1. Scan the stretch 151-170 residue by residue and report those that are touching a helix residue (DSSP H, G or I) at 6+ places or on another chain (Cβ under 7 Å) and closer than 18 Å to L120 by Cα.
2. Could you grab me the full set of residues in the stretch 78-121 that are at pLDDT 85 or above, open to solvent by 40 Å² or more (accessible area, probe 1.4 Å), in a helix (DSSP H, G or I) and in contact with a strand residue (DSSP E or B) (Cβ under 9 Å, 6 or more places away or on another chain)?
3. Please go through the stretch 197-214 and pick out each residue that is among the polar types (S, T, N, Q) and surrounded by 13 or more Cβ atoms within 10 Å (Cβ to Cβ).
4. So, T46, is that one touching a Leu at 6+ places or on another chain (Cβ under 9 Å) and without any contact (Cβ under 8 Å) to a residue 40 or more places away in the chain or not?
5. Can you report the number of residues in the stretch 46-77 which are of a type in the set (D, E, K, R), within 15 Å of the chain's Cα centre (by Cα) and at pLDDT 90 or above?
6. Can you tell me which residues in the stretch 39-77 are in a loop (DSSP other than H, G, I, E, B), within 23 Å of R147 (Cβ to Cβ), open to solvent by less than 70 Å² (accessible area, probe 1.4 Å) and β-branched (V, I, T)?
7. State yes or no: is V22 surrounded by 14 or more Cβ atoms within 10 Å (Cβ to Cβ) and without any contact (Cβ under 8 Å) to a residue 40 or more places away in the chain?
8. Any idea which residue in the stretch 129-172 is surrounded by the fewest Cβ atoms within 10 Å (Cβ to Cβ), counting only those that are at pLDDT below 85 and over 18 Å from the mean Cα position of the chain (by Cα)?
Amino acid sequence: MTTTPATLIVVDDDPEIRELLVDYLGRHGYRALAAEDAAALHRLLTSETPDLLIVDIMLPGDDGFTICRDIRRDSQVPIIMLTASADETDRILGLELGADDYLGKPFNPRELLARIKAVLRRVRGGGAAADPARARLVAFGAWRLDRMTRELIDEKGERIPLSGADFQLLQVFLEHPERVLTREALYELTRGRPAPPLDRSIDVHVCRLRQRLGEDAQYHQLIRTVRGAGYVFTAKIEALT
(Lines give C-alpha, C1' and ligand atoms only; values in the text may rest on other atoms or scores of the structure.)
Protein backbone atom coordinates (compact mmCIF):
# COMPACT_ATOMS: atom_id res chain seq x y z
CA MET A 1 0.00 0.00 0.00
CA THR A 2 1.39 3.40 -1.00
CA THR A 3 1.48 6.07 1.70
CA THR A 4 0.60 9.59 0.63
CA PRO A 5 3.47 11.93 1.56
CA ALA A 6 2.74 14.71 4.04
CA THR A 7 2.32 18.13 2.45
CA LEU A 8 4.47 20.90 3.94
CA ILE A 9 4.37 24.61 3.08
CA VAL A 10 7.47 26.74 3.66
CA VAL A 11 6.73 30.46 4.11
CA ASP A 12 9.91 32.54 3.82
CA ASP A 13 10.77 35.67 1.85
CA ASP A 14 14.32 34.44 1.15
CA PRO A 15 14.23 32.61 -2.21
CA GLU A 16 17.41 30.67 -1.42
CA ILE A 17 15.95 29.29 1.83
CA ARG A 18 12.69 28.42 0.08
CA GLU A 19 14.51 26.57 -2.69
CA LEU A 20 16.85 24.79 -0.28
CA LEU A 21 14.05 23.59 2.00
CA VAL A 22 11.68 22.53 -0.77
CA ASP A 23 14.48 20.49 -2.36
CA TYR A 24 15.71 19.04 0.95
CA LEU A 25 12.27 18.11 2.26
CA GLY A 26 11.32 16.67 -1.12
CA ARG A 27 14.36 14.39 -1.03
CA HIS A 28 13.23 13.15 2.39
CA GLY A 29 9.82 12.02 1.25
CA TYR A 30 7.65 15.09 1.78
CA ARG A 31 5.57 17.05 -0.71
CA ALA A 32 7.01 20.51 -0.12
CA LEU A 33 5.52 23.76 -1.42
CA ALA A 34 6.67 27.34 -0.88
CA ALA A 35 5.20 30.81 -0.41
CA GLU A 36 7.11 34.08 -0.13
CA ASP A 37 4.62 35.91 2.10
CA ALA A 38 1.21 35.74 3.76
CA ALA A 39 -0.69 36.58 0.58
CA ALA A 40 1.01 33.76 -1.33
CA LEU A 41 0.30 31.37 1.53
CA HIS A 42 -3.41 32.20 1.57
CA ARG A 43 -3.57 31.66 -2.19
CA LEU A 44 -2.01 28.22 -1.70
CA LEU A 45 -4.45 27.38 1.08
CA THR A 46 -7.40 27.81 -1.27
CA SER A 47 -6.31 24.65 -3.10
CA GLU A 48 -4.02 22.84 -0.62
CA THR A 49 -4.60 21.21 2.76
CA PRO A 50 -1.12 21.05 4.29
CA ASP A 51 -0.09 18.72 7.09
CA LEU A 52 2.35 21.28 8.52
CA LEU A 53 3.47 24.89 7.97
CA ILE A 54 7.02 26.23 8.37
CA VAL A 55 6.71 29.99 8.83
CA ASP A 56 9.42 32.61 9.15
CA ILE A 57 8.60 35.33 11.68
CA MET A 58 10.17 38.21 9.73
CA LEU A 59 8.15 38.58 6.54
CA PRO A 60 7.15 41.58 4.42
CA GLY A 61 3.57 42.64 5.05
CA ASP A 62 1.91 40.33 7.58
CA ASP A 63 4.62 38.77 9.74
CA GLY A 64 4.78 35.20 11.02
CA PHE A 65 2.95 36.09 14.23
CA THR A 66 0.02 37.47 12.24
CA ILE A 67 -0.03 34.39 10.02
CA CYS A 68 -0.05 32.11 13.06
CA ARG A 69 -2.88 34.04 14.71
CA ASP A 70 -4.95 34.07 11.50
CA ILE A 71 -4.42 30.35 10.85
CA ARG A 72 -5.44 29.45 14.39
CA ARG A 73 -8.84 31.11 13.98
CA ASP A 74 -10.11 28.16 11.95
CA SER A 75 -7.35 25.58 11.63
CA GLN A 76 -5.19 23.44 13.90
CA VAL A 77 -2.58 22.60 11.25
CA PRO A 78 0.81 22.27 13.02
CA ILE A 79 3.11 25.29 12.69
CA ILE A 80 6.88 25.47 13.15
CA MET A 81 8.16 29.05 13.30
CA LEU A 82 11.60 30.19 12.14
CA THR A 83 13.23 33.16 13.82
CA ALA A 84 16.51 34.99 13.37
CA SER A 85 15.97 36.80 16.67
CA ALA A 86 17.86 35.73 19.77
CA ASP A 87 15.10 37.28 21.90
CA GLU A 88 13.30 34.54 23.84
CA THR A 89 10.21 36.77 23.93
CA ASP A 90 9.62 36.25 20.21
CA ARG A 91 9.74 32.50 20.66
CA ILE A 92 7.39 32.53 23.64
CA LEU A 93 4.96 34.77 21.75
CA GLY A 94 4.93 32.34 18.83
CA LEU A 95 4.03 29.46 21.15
CA GLU A 96 1.36 31.58 22.83
CA LEU A 97 -0.23 32.30 19.46
CA GLY A 98 -0.49 28.60 18.70
CA ALA A 99 2.81 27.56 17.13
CA ASP A 100 3.86 23.98 17.85
CA ASP A 101 7.63 24.56 17.79
CA TYR A 102 10.26 27.10 16.79
CA LEU A 103 13.74 27.00 15.35
CA GLY A 104 16.37 29.73 15.34
CA LYS A 105 18.18 30.88 12.20
CA PRO A 106 20.66 29.87 10.95
CA PHE A 107 19.70 26.23 11.35
CA ASN A 108 20.76 22.82 10.16
CA PRO A 109 18.13 21.37 7.79
CA ARG A 110 18.57 18.04 9.57
CA GLU A 111 17.38 19.62 12.81
CA LEU A 112 14.34 21.08 11.05
CA LEU A 113 13.61 17.63 9.60
CA ALA A 114 13.78 16.12 13.10
CA ARG A 115 11.43 18.81 14.44
CA ILE A 116 8.96 18.16 11.60
CA LYS A 117 8.94 14.43 12.33
CA ALA A 118 8.47 15.04 16.06
CA VAL A 119 5.56 17.45 15.58
CA LEU A 120 3.81 15.17 13.07
CA ARG A 121 4.23 12.22 15.45
CA ARG A 122 2.61 14.21 18.26
CA VAL A 123 -0.26 15.37 16.09
CA ARG A 124 -0.92 11.98 14.54
CA GLY A 125 -0.64 10.21 17.86
CA GLY A 126 2.10 7.80 16.83
CA GLY A 127 -0.46 5.18 15.80
CA ALA A 128 -1.65 4.62 19.38
CA ALA A 129 -5.34 5.22 18.67
CA ALA A 130 -6.44 2.78 21.36
CA ASP A 131 -4.79 4.83 24.11
CA PRO A 132 -7.43 6.93 25.95
CA ALA A 133 -5.02 9.85 25.98
CA ARG A 134 -4.98 9.69 22.16
CA ALA A 135 -8.74 9.73 21.65
CA ARG A 136 -10.20 12.89 20.18
CA LEU A 137 -12.24 13.57 23.33
CA VAL A 138 -10.90 12.70 26.76
CA ALA A 139 -12.34 13.48 30.18
CA PHE A 140 -10.34 14.21 33.32
CA GLY A 141 -11.53 15.80 36.54
CA ALA A 142 -14.20 18.35 35.66
CA TRP A 143 -12.80 18.88 32.16
CA ARG A 144 -12.88 17.44 28.69
CA LEU A 145 -10.24 18.03 26.03
CA ASP A 146 -11.04 18.11 22.31
CA ARG A 147 -7.71 17.16 20.76
CA MET A 148 -8.89 17.98 17.24
CA THR A 149 -9.73 21.62 18.01
CA ARG A 150 -7.28 21.97 20.91
CA GLU A 151 -9.99 23.23 23.23
CA LEU A 152 -10.82 22.58 26.87
CA ILE A 153 -14.51 22.05 27.58
CA ASP A 154 -15.80 22.89 31.04
CA GLU A 155 -18.80 21.46 32.92
CA LYS A 156 -21.13 23.97 31.24
CA GLY A 157 -19.94 22.97 27.78
CA GLU A 158 -18.04 26.21 27.22
CA ARG A 159 -14.95 25.83 25.05
CA ILE A 160 -11.60 27.39 25.97
CA PRO A 161 -8.93 27.44 23.24
CA LEU A 162 -5.40 26.44 24.26
CA SER A 163 -2.14 27.90 22.99
CA GLY A 164 0.28 25.55 21.29
CA ALA A 165 2.49 25.37 24.38
CA ASP A 166 -0.43 24.71 26.77
CA PHE A 167 -1.89 22.02 24.51
CA GLN A 168 1.43 20.21 24.14
CA LEU A 169 2.06 20.23 27.90
CA LEU A 170 -1.44 18.93 28.67
CA GLN A 171 -0.98 16.26 26.01
CA VAL A 172 2.19 15.04 27.70
CA PHE A 173 0.45 14.84 31.06
CA LEU A 174 -2.47 12.93 29.51
CA GLU A 175 -0.04 10.48 27.91
CA HIS A 176 1.77 9.91 31.23
CA PRO A 177 -0.89 10.05 33.97
CA GLU A 178 0.01 9.31 37.59
CA ARG A 179 3.73 9.27 36.76
CA VAL A 180 6.29 11.70 38.10
CA LEU A 181 7.84 13.64 35.22
CA THR A 182 10.97 15.70 35.74
CA ARG A 183 11.27 19.18 34.32
CA GLU A 184 13.87 17.88 31.87
CA ALA A 185 11.53 15.11 30.70
CA LEU A 186 8.63 17.55 30.28
CA TYR A 187 10.81 19.91 28.26
CA GLU A 188 12.04 17.15 25.96
CA LEU A 189 8.59 15.61 25.51
CA THR A 190 6.99 18.96 24.64
CA ARG A 191 9.82 20.45 22.58
CA GLY A 192 11.42 17.35 21.06
CA ARG A 193 14.90 18.24 22.28
CA PRO A 194 16.88 18.32 25.56
CA ALA A 195 16.36 21.23 27.92
CA PRO A 196 19.06 23.93 28.09
CA PRO A 197 21.05 24.04 31.34
CA LEU A 198 19.17 25.70 34.23
CA ASP A 199 16.07 26.27 32.09
CA ARG A 200 12.95 26.91 34.19
CA SER A 201 10.43 27.62 31.42
CA ILE A 202 8.52 24.41 32.23
CA ASP A 203 7.63 25.85 35.65
CA VAL A 204 6.09 28.87 33.90
CA HIS A 205 4.14 26.66 31.50
CA VAL A 206 2.88 24.42 34.31
CA CYS A 207 1.75 27.49 36.26
CA ARG A 208 -0.13 28.80 33.22
CA LEU A 209 -1.76 25.42 32.53
CA ARG A 210 -2.87 25.23 36.16
CA GLN A 211 -4.53 28.61 35.74
CA ARG A 212 -6.29 27.37 32.61
CA LEU A 213 -7.60 24.42 34.61
CA GLY A 214 -8.80 26.66 37.44
CA GLU A 215 -6.36 25.20 39.94
CA ASP A 216 -6.06 26.90 43.31
CA ALA A 217 -2.69 28.55 43.88
CA GLN A 218 -2.15 26.67 47.13
CA TYR A 219 -3.78 23.35 46.31
CA HIS A 220 -3.30 21.66 42.95
CA GLN A 221 -5.65 18.73 42.41
CA LEU A 222 -4.76 17.80 38.82
CA ILE A 223 -1.08 18.74 38.55
CA ARG A 224 0.85 18.09 41.75
CA THR A 225 4.38 19.26 42.45
CA VAL A 226 6.71 16.54 43.69
CA ARG A 227 9.42 18.40 45.58
CA GLY A 228 12.87 17.74 44.19
CA ALA A 229 11.50 15.55 41.38
CA GLY A 230 9.03 17.30 39.09
CA TYR A 231 5.29 17.08 38.48
CA VAL A 232 2.62 14.38 38.39
CA PHE A 233 -0.79 14.50 36.67
CA THR A 234 -3.15 12.95 39.24
CA ALA A 235 -6.46 12.75 37.38
CA LYS A 236 -8.00 9.60 35.98
CA ILE A 237 -8.42 9.77 32.19
CA GLU A 238 -11.44 8.48 30.28
CA ALA A 239 -11.79 8.25 26.51
CA LEU A 240 -15.13 9.56 25.21
CA THR A 241 -16.88 8.41 22.06
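The values are calculated or read from the model by the stated rules, or taken from the named source; none is laboratory data. The structure displayed is predicted, hence computed values, not measured ones. Cβ: placed from backbone, ideal geometry, glycine included. Neighbour counts: every protein chain shown. Each accessible area value is taken on the protein alone, full model and side chains, heavy atoms only, with ligands, DNA and RNA left out. Shrake-Rupley method; radii C 1.70, N 1.55, O 1.52, S 1.80 Å.
1. Result: S163, G164, A165, D166, Q168, L169, L170.
2. E111, the sole residue that qualifies.
3. Listed by number, the list holds a single entry, S201.
4. So T46 does not fit the description; no.
5. The number of residues fulfilling the criteria is 1.
6. Matches in the stretch 39-77: V77 only.
7. Working: surrounded by 14 or more Cβ atoms within 10 Å (Cβ to Cβ): yes; without any contact (Cβ under 8 Å) to a residue 40 or more places away in the chain: yes.
When the stated conditions are applied, V22 passes them.
8. In this case the residue turns out to be A130.
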